[in-house]
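Novice: If you scroll down you'll find the structure; I have some questions about it.
The values are calculated or read from the model by the stated rules, or taken from the named source; none is laboratory data. This is a predicted model, so every value here is computed, not measured. Note: ideal-geometry Cβ built from the backbone for every residue, glycine included; neighbour counts use all protein chains shown. The protein model used for the area step is the full one, side chains on, heavy atoms only, and it has no ligands, DNA or RNA in it. Shrake-Rupley method; radii C 1.70, N 1.55, O 1.52, S 1.80 Å.
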Amino acid sequence: MSENQGKRKYFRGGVHPHDGKALSAKNSINEAPLFDKYQVVLQQNIGAPPKAIVKKGDVVLKGQMIAESTGFVCTPVHAPTSGVVSGIVEIPGAMGQSVKAIEIASDGEDKWGSSLKPMKDWEQRDDSEIKQRIHDAGIVGMGGAAFPTHVKLSPPENKNIDYLILNGAECEPYLTADHRLMIEDPERILKGALIIANSLNINKIAIGIEKNKPDAIKILKKHSADYGISIVPLRMMYPQGAEKQLIYSVTKRKVPAGGLPMDCGCVVQNVATAAAVYDAVVKGQPLIERVTTITGNSVVNPGNWRLKLGTTALDALKLASGVKNNPAKIIMGGPMMGFAQKSLMVTITKNSSGILLLDKEDTSIYESRQCINCKGCVDVCPMNLTPSVLSKAAVKENFDIAERFNVMDCMECGCCAYVCPSRRPMVQHLRLAKGKILAKRRAQQNK
Ligand code: SF4
Ligand code: SF4
């Protein structure tokens, strides 16, 4: 019996939201001009916060390290351009909190000064050297998670990893940054995938791409033949790009409940992360810029731009010719998993896949009502949870019940909120419960 026999064809649950991708999918990646000022958020990774190693008045070069790692699960941060550090400032963070940022006043020269040397002979290098380089270049998951890439590539010895999957699904509505990158820069992605696979001593590599990107599938298929990399077209169903769902779609392997991709032999990396790994290793370039989609019905000219880290959303919107139709909602990321913003002074970080401005029509505000036990949320939850129970437990501050009903497995995909006829803000409820449980666990550890 083959590995896949008897398994369901598709992952459980999911929804089909309006994808809004036509607004920007055909627009090539534009290079952003140099702005006068960048505010580079200090902590751009999940894990420990890096420590600033520059101070007000210091002269910095593009690519120079400005914040260093403080632990294994941490990544350094580098200057996106040359100039003078004008201060360490507090700015609005994408998740609603205020965050520390290193402000750099550009000198207009964009002068390069990275200490990383190109490793053109990367195939001859030791795995540990490649992983160290990936760390030193400040690479994190660029699909949204911002988990340090070198950590993902350092599984415990008892984990038998044999499959690298690149995530090119980009299932989040409106976003087209990865789509354009796959069309315009396939070689960087493919070579990055080889470097990652090599560092794990594996050779099974696949790139999963939703079928609504036939041009990207065609181009990558053409280029991937020489690399022994499979291109897997995927059914269009949100959240196809979530790690566990992607792994199932590509390999029919299941990540055990509460487990990680490594528990079923897989490592998943976003396509943009693979391209950044290529830059870091082969060219000696740290992660200081990324492609971001600027879009929505309230943006005059939606499109995709290569933006330096620390660019404000305000400056980024100027590139798209500003706003129209009285924007009612600003979101960093996509409409399903992104975070609503109060300020346009939030800046681009390593995981900023999009800036979305929606008008009133697309953001009709409904009053949240009582749950009517329709079971809609249960049917669509891709993680097999009971979102109605979890949401009610969170509202009543019964966090022990939420924990018992596995709220920590919730990936905040928003499918439950999307279908809820009572318009309950499920994701906010679930995030609250997860935050409280994590805080309780940390407090217990520190006792
Ligand atoms: S409970 Fe979590 S994982 Fe399930 S649908 Fe809602 S947001 Fe997604
Ligand atoms: S979809 Fe909304 S109303 Fe229906 S069971 Fe879930 S929380 Fe209750």
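Novice: Rounded to the nearest 0.05, what FRET efficiency do residue 218 and residue 301 have when you use their Cβ-Cβ distance and R0 = 30 Å?
Specialist: 0.65
Novice: Residues of the chain: accessible area per residue at 1.4 Å, in Å²?
Specialist: Values: 20050 Å² over 447 residues.
About 45 Å² of surface per residue is accessible.
Novice: Then there's this: Counting only protein chains, not ligands or nucleic acids, how are 308, 244 ordered by accessible area (probe 1.4 Å), most first? Please report the intermediate quantities before stating the final value.
Specialist: Values: 308 25, 244 55 Å².
Putting 308, 244 in descending order of accessible area: 244, 308.
Novice: On to the next question. Around residue 284, which amide H atoms from residues at least 5 apart in sequence, or from another chain, sit under 5 Å from its own amide H, with H modelled in the peptide plane?
Specialist: Hits under the 5 Å cutoff: 119.
Novice: For residue 437 and residue 97, calculate 0.36 nm times their separation in residues minus their Cα-Cα distance, and state this gained length in nm to one decimal.
Specialist: Taking 0.36 nm per residue and subtracting the Cα distance, the gain is 120.5 nm.
Novice: Just the accessible area for residue 323, please: 1.4 Å probe, Å², rounded to the nearest 10?
Specialist: My reading of the accessible area for residue 323 is about 80 Å².
Novice: How many angstrom lie between the Cα centre of region 52-100 and the Cα centre of region 150-186?
Specialist: 26
Novice: Also, quick follow-up: Quick one: if you stick a label point 7 Å off each Cα along the C-beta vector at residue 110 and residue 409, how many nm between them?
Specialist: Roughly 4.8 nm, to one decimal.
Novice: Turning to a different aspect of this structure: If you find the alpha carbon centre of region 302-334 and of region 101-137, how far apart are they in angstrom?
Specialist: Between the Cα centres of region 302-334 and region 101-137 lies a distance of 28 Å.
Novice: If you check each cysteine of the chain for another cysteine whose beta-carbon is under 4.7 Å away, which ones come up empty?
Specialist: 74, 171, 264, 266, 371, 374, 381, 410, 413, 415, 420
Novice: Further, regarding this structure: Between residue 339 and residue 384, with labels modelled 7 Å along Cα→Cβ, what's the label distance in nm to one decimal, could you check?
Specialist: Inter-label distance under the simple model: 3.1 nm.
Novice: Leaving ligands, DNA and RNA out of it, work out the accessible area of residue 238 with a 1.4 Å probe and give it in Å² to the nearest 10.
Specialist: 10
Novice: Right, next: State, to one decimal in nm, how far the label point of residue 158 lies from the label point of residue 70, with both points 7 Å from Cα in the Cβ direction.
Specialist: Taking the simple label geometry, residue 158 and residue 70 are separated by 3.1 nm.
Novice: So what is the relative contact order of the chain, in percent, for Cα pairs below 8 Å that sit 6 or more residues apart?
Specialist: Numbers: 1022 pairs, mean separation 81.5, N = 447.
Result for the chain is 18 percent.
Novice: On the accessible surface of the chain, probed at 1.4 Å, how many percent belong to carbon and sulfur atoms?
Specialist: Within the chain, the accessible surface is 51 percent carbon and sulfur.
Novice: Continuing with the same structure: Taking 0.36 nm per residue of separation and subtracting the Cα-Cα distance, what length does fully extending residue 86 through residue 401 add?
Specialist: Length difference between fully extended and current span is 108.6 nm.
Novice: A follow-up question, please. Students sometimes get this wrong: rank 12, 441 by accessible area, probe 1.4 Å, all chains present, largest first.
Specialist: Ranked list, largest accessible area first: 441, 12.
Novice: Follow-up. For the full complex of protein chains and a 1.4 angstrom probe, list 187, 412 by accessible area with the highest value first.
Specialist: My answer, sorted largest first, is 187, 412.
Novice: For residue 203 and residue 7, what is the calculated FRET efficiency with R₀ set at 22 Å and r taken between the beta-carbons, to the nearest 0.05?
Specialist: Numbers: r = 24 Å, r/R0 = 1.08.
The pair residue 203/residue 7 has a calculated efficiency of 0.40.
Novice: Between the alpha-carbon centers of region 232-288 and region 424-447, tell me the distance in whole angstrom.
Specialist: Result: 26 Å between the Cα centres.
Novice: Further, regarding this structure: Report the extension gain between residue 51 and residue 369 in nm, rounded to one decimal, defined as 0.36 nm multiplied by the number of residues separating them, less their alpha carbon distance. Show your work: numbers first, answer last.
Specialist: Details: separation 318, 0.36 × 318 = 114.48 nm, distance 4.49 nm.
Between residue 51 and residue 369, full extension yields 110.0 nm more.
Novice: Another question about this same structure. I'd like the FRET efficiency for residue 125 and residue 446, computed as 1/(1 + (r/R0)^6) with the beta carbon distance as r and R0 of 35 Å, rounded to 0.05.
Specialist: Working from the Cβ atoms, E equals 0.35.
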